[in-house]
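For reference, the structure is listed below as structure tokens.
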Amino acid sequence: MKIIMLGAPGAGKGTQAKMIAEKYSIPHVSTGDIFRANIKNGTELGMEAKRYMDEGQLVPDELTVKILLDRVAQDDCKNGYVLDGFPRTIPQAQVLDEALTKLGESVDYAIDVNVPDENIVKRMGGRRACVTCGATYHIEHVPPKKEGVCDKCGSELILRDDDKPETVKKRLSVYHAQTQPLIEYYTNKGILKTVDGTVDMMDVFASIVEILG
Ligand code: ADP
Ligand code: ADP
Ligand code: ZN
């Protein structure tokens, strides 16, 4: 099963993608996580991506597409995957479709986690991310057992630089301009499913499971 998660920054794509990955035993592939791992390891790719991420801009398609295609060509992706944060532009979606067509495959579902902008800005200020394992928390909705410490690995939790309010507003405008057109793209392909992302995360997950079966 190949699934794409769509939605504004902070809509809950990552939260849901991790639960989907576990339930359906498929890898969770997040381009944002791949970029952050590269930044942490000081790779050339990481340094290039960081310039855009810090500004709330998208990393150029060329770079992003290569990373993603390499990742989904790996063995663990044979039985499918859930993509979180990719595609984010029409050209990215087209490249993915072309690559899959060559393999005689296609995306099964594009799930849009729908959350209005007003809720997003509030939500992002409370997001905390683990510097080591990428786990995410929320100071009100999903607090860690011990403040500032990751439940899973014991590392420090931080507010991502790009989760500060000014950058979040920039990212939202980038989302509306460049990513939202994908909703129509996947509607036209007949695979778009929309879920209400404003409710409790377990209720969001229940609606997704209903779709995926
Ligand atoms: P969120 O899920 O909160 O929107 P991500 O971790 O998915 O955040 O992405 C963080 C940043 O990484 C984005 O703002 C963008 O700069 C970059 N990025 C991630 N995925 C892509 C992509 N598919 N295309 C371009 N840039 C991306
Ligand atoms: P995205 O990957 O779309 O950027 P995340 O999954 O990282 O979004 O979620 C953004 C923030 O909102 C995180 O702090 C997360 O814990 C929290 N969150 C996720 N889903 C919900 C929900 N349904 N209700 C409230 N908070 C949520
Ligand atoms: Zn951790």
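The values are calculated or read from the model by the stated rules, or taken from the named source; none is laboratory data. Values in this document were obtained by computation on a predicted structure and should not be read as measured data. Glycine gets a Cβ as well: all are built from the backbone with ideal geometry, and neighbour counts include every protein chain shown. Keep in mind that these areas ignore ligands, DNA and RNA; they rest on the heavy atoms of the full protein, side chains included. Shrake-Rupley method; radii C 1.70, N 1.55, O 1.52, S 1.80 Å.
Results for (1) of a type outside the set (A, V, I, L, M, F, W, C); (2) within 14 Å of ligand 2 (Cβ to nearest atom), shown as yes or no for each residue.
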| site | (1), (2) |
| --- | --- |
| K145 | yes, no |
| V149 | no, no |
| R160 | yes, yes |
| D163 | yes, yes |
| E166 | yes, no |
| L172 | no, yes |
| V199 | no, yes |
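Look at the stretch 61-109 and say how many of its residues are without any contact (Cβ under 8 Å) to a residue 12 or more places away in the chain and either within 16 Å of ligand 2 (Cβ to nearest atom) or of a type outside the set (G, A, S) (or both).
From the stretch 61-109, those without any contact (Cβ under 8 Å) to a residue 12 or more places away in the chain are 62, 66, 70, 73-75, 78, 94, 97-98, 101-104; that's our starting set.
Retained after the next criterion (residues that are either within 16 Å of ligand 2 (Cβ to nearest atom) or of a type outside the set (G, A, S) (or both)): 62, 66, 70, 74-75, 78, 94, 97-98, 101-103.
So the answer is 12.
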Here the residues within the stretch 61-105 that are of a type in the set (G, A, S) and open to solvent by 50 Å² or more (accessible area, probe 1.4 Å) are A73, G104
Pair list, Cβ under 6 Å, 6 or more apart: the stretch 145-173 residue in contact (Cβ under 8 Å) with a residue 12 or more places away in the chain, other residue buried (at least 17 other Cβ atoms within 10 Å of the Cβ) and among the charged types (D, E, K, R): L157/R128; D163/R127
Among K122, K193, K170, the single one that is outside any loop (DSSP other than H, G, I, E, B), basic (K, R) and touching a strand residue (DSSP E or B) at 6+ places or on another chain (Cβ under 6 Å) is K193
Please find, within the stretch 130-140, the residue that is nearest to the chain's Cα centre (by Cα) out of those that are closer than 12 Å to T15 by Cα and more than 9 Å from ligand 3 (Cβ to nearest atom). T136
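Just to verify a result, which residue in the stretch 17-53, among those that are of a type in the set (S, T, N, Q) and open to solvent by 50 Å² or more (accessible area, probe 1.4 Å), is nearest to Y109 (Cα to Cα)?
Among those that are of a type in the set (S, T, N, Q) and open to solvent by 50 Å² or more (accessible area, probe 1.4 Å), it is S25.
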Within the stretch 133-143, track down each residue that is surrounded by 13 or more Cβ atoms within 10 Å (Cβ to Cβ), assigned to a loop (DSSP other than H, G, I, E, B) and either near ligand 2 (Cβ under 9 Å from one of its atoms) or of a type in the set (S, T, N, Q) (or both). I139, H141
